[in-house]
1. Determine if the stretch B:21-42 includes at least one residue that is within 20 Å of residue B:138 (Cβ to Cβ), touching a residue at least 12 places away in the same chain (Cβ under 8 Å) and in contact with a Lys or Arg (Cβ under 7 Å, 6 or more places away or on another chain).
2. Collect the residues in the stretch B:63-98 that are within 7 Å of chain A (Cβ to nearest Cβ) and β-branched (Val, Ile, Thr), keeping them in residue-number order.
3. For the list (1) more than 7 Å from chain A (Cβ to nearest Cβ); (2) in contact (Cβ under 8 Å) with a residue 60 or more places away in the chain, I need the number of the one condition that residue B:113 fails.
4. Residues of the stretch B:46-82 being basic (Lys, Arg) and closer than 19 Å to residue B:29 by Cβ, which ones?
5. In the stretch A:58-75, which residue that is within 12 Å of residue B:52 (Cβ to Cβ) and at the interface with another protein chain (Cβ under 7 Å from one of its Cβ atoms) is farthest from the chain's Cα centre (by Cα)?
6. Considering (1) in contact (Cβ under 8 Å) with a residue 40 or more places away in the chain; (2) farther than 30 Å from residue B:13 by Cα; (3) not small (Gly, Ala, Ser), say which one residue B:67 fails and leave the rest.
7. Considering only residues of the stretch B:65-89 that are at pLDDT below 90 and either out of contact with any helix residue (DSSP H, G or I) (no Cβ under 8 Å at 6 or more places or on another chain) or under 22 Å from residue B:207 (Cβ atoms) (or both), which is surrounded by the fewest Cβ atoms within 10 Å (Cβ to Cβ)?
8. Here are B:20, B:62: which of them is under 19 Å from residue A:95 (Cβ atoms), in contact with a strand residue (DSSP E or B) (Cβ under 8 Å, 6 or more places away or on another chain), of a type in the set (Gly, Ala, Ser) and crowded, with 16+ Cβ neighbours inside 10 Å?
Amino acid sequence: MLLERLRMPVEDFEAGTGWSLKPQGACRGEVCVPLPSAAVDDGQVDVTAVAERLGMPLVEEADAGLWALGPETLSGHALPSAEAPELVLPDLDGNEFRLSSLRGQKVVIVSWAPY
Amino acid sequence: MWQALRSELQPLGLEVVTVGIDAAGAEACRPFIEAAQPEHPSLIDTTHRMSELFGVINIPNGVWIDEQGMITRPVEPASPHPPSDARPFQPMEGLPDHMNEVLDEASRIRVDGRYVEMLRDWAERGAESRYALRPDEVVERSRPRDRANAEGQANLELGAALWARGDERGAERHWREAHRLDPMNFTAKRQAWSLAVPDAGDFARYWQGPLPGREDEWPYATDWLSEVRSFGAEHYYPPIDA
């Protein structure tokens, strides 16, 4: 996920990475990783601390004032759990669509590209 | 391409969601979507979220998610067409030689045609389908990812962000790094290659390599034709482990 600062609201971190921040740690499905106590404070996430714990690389593009936080590498797989992460993407007209709005149906997500 | 299958399977409780992955933005996807006239959600992914969250590394690809939001098959090559006979390639008149070479090579690529049957079976039988995997199998079969791959993903996203801001050289720098760190991510390569030769006119997005006589300007270590020839078009998509 892309970020402009290394301290961010919990909701933004969760939406960006697919990991939920709970009292027991960072969780995805049934998998939970304990976090240092200072990593989440007053609704704000210390991105560097959480990234280190979850094995997420942090790459900086200083000229643009941007960082990209890569996916976790603790599990060794693209899917640390079979529970589907929330996916929020726009359609052609910019309307936001949430994958979770299709709960109750079977879904096949098909990726394609115009190149 | 998926609309016909969607019409057939939606009454059985299966919805199709298509995601067009392109840092060039929604407008690049628009003509294809408008031609397909989908009745299902058709989304745009300009920052390669599908790769980050699900492990998509080539397209077309599919992921299955059940009624409770559990993934039952991770990313794998997905074609909406049943198996078809191979046809020998015939060069097309009026196309540049390079494009005929690309099409010739692409004609040898095979997508496993069983996907449609598998999807039908799951739509009808749900968890009883032999193709619906257990959660531990889903995790195990999802793409292996190490630190270098994850750092490649971060660079892929940074490149897309810089491209959107008009910083093409910056984007190329991060995409080169993404290719080096995660050489198996073919979407990351195709994305970058497809934006590297705007002078190729109508073929710009499909040229995917240096222009003749201007090889020095090509900003990437490899290109589509030389890569596919090196590993063989028949290995372009892995076989589906049904």
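1. Step one: of the stretch B:21-42, the residues within 20 Å of residue B:138 (Cβ to Cβ) are none.
Within the stretch B:21-42 (the criterion being within 20 Å of residue B:138 (Cβ to Cβ), touching a residue at least 12 places away in the same chain (Cβ under 8 Å) and in contact with a Lys or Arg (Cβ under 7 Å, 6 or more places away or on another chain)), the answer is no, since none of the residues qualifies.
2. B:63, B:65, B:71
3. Going through the list (1) more than 7 Å from chain A (Cβ to nearest Cβ); (2) in contact (Cβ under 8 Å) with a residue 60 or more places away in the chain, residue B:113 breaks only (2).
4. First pass over the stretch B:46-82, keeping only residues basic (Lys, Arg): B:49, B:73.
The answer is B:49, and nothing else.
5. We begin by selecting, within the stretch A:58-75, every residue within 12 Å of residue B:52 (Cβ to Cβ); these are A:68-72.
From what's left, at the interface with another protein chain (Cβ under 7 Å from one of its Cβ atoms): A:68-71.
Numbers: A:68: 11, A:69: 9, A:70: 9, A:71: 7 Å.
So the residue we want is A:68.
6. Residue B:67 satisfies all of (1) in contact (Cβ under 8 Å) with a residue 40 or more places away in the chain; (2) farther than 30 Å from residue B:13 by Cα; (3) not small (Gly, Ala, Ser) except (2).
7. The first filter runs over the stretch B:65-89 and keeps only residues at pLDDT below 90, leaving B:79-89.
Filter once more, keeping what is either out of contact with any helix residue (DSSP H, G or I) (no Cβ under 8 Å at 6 or more places or on another chain) or under 22 Å from residue B:207 (Cβ atoms) (or both): B:83-89.
Values: B:83: 13, B:84: 10, B:85: 4, B:86: 8, B:87: 7, B:88: 6, B:89: 14.
Among those that are at pLDDT below 90 and either out of contact with any helix residue (DSSP H, G or I) (no Cβ under 8 Å at 6 or more places or on another chain) or under 22 Å from residue B:207 (Cβ atoms) (or both), it is B:85.
8. Details: B:62 fails: under 19 Å from residue A:95 (Cβ atoms).
Result of the check over B:20, B:62: B:20.
The values are calculated or read from the model by the stated rules, or taken from the named source; none is laboratory data. Quick caveat, the model's predicted, so the values are computed rather than measured. Note that we place each Cβ from the backbone using ideal geometry, even for glycine, and neighbour counts take in every protein chain shown.
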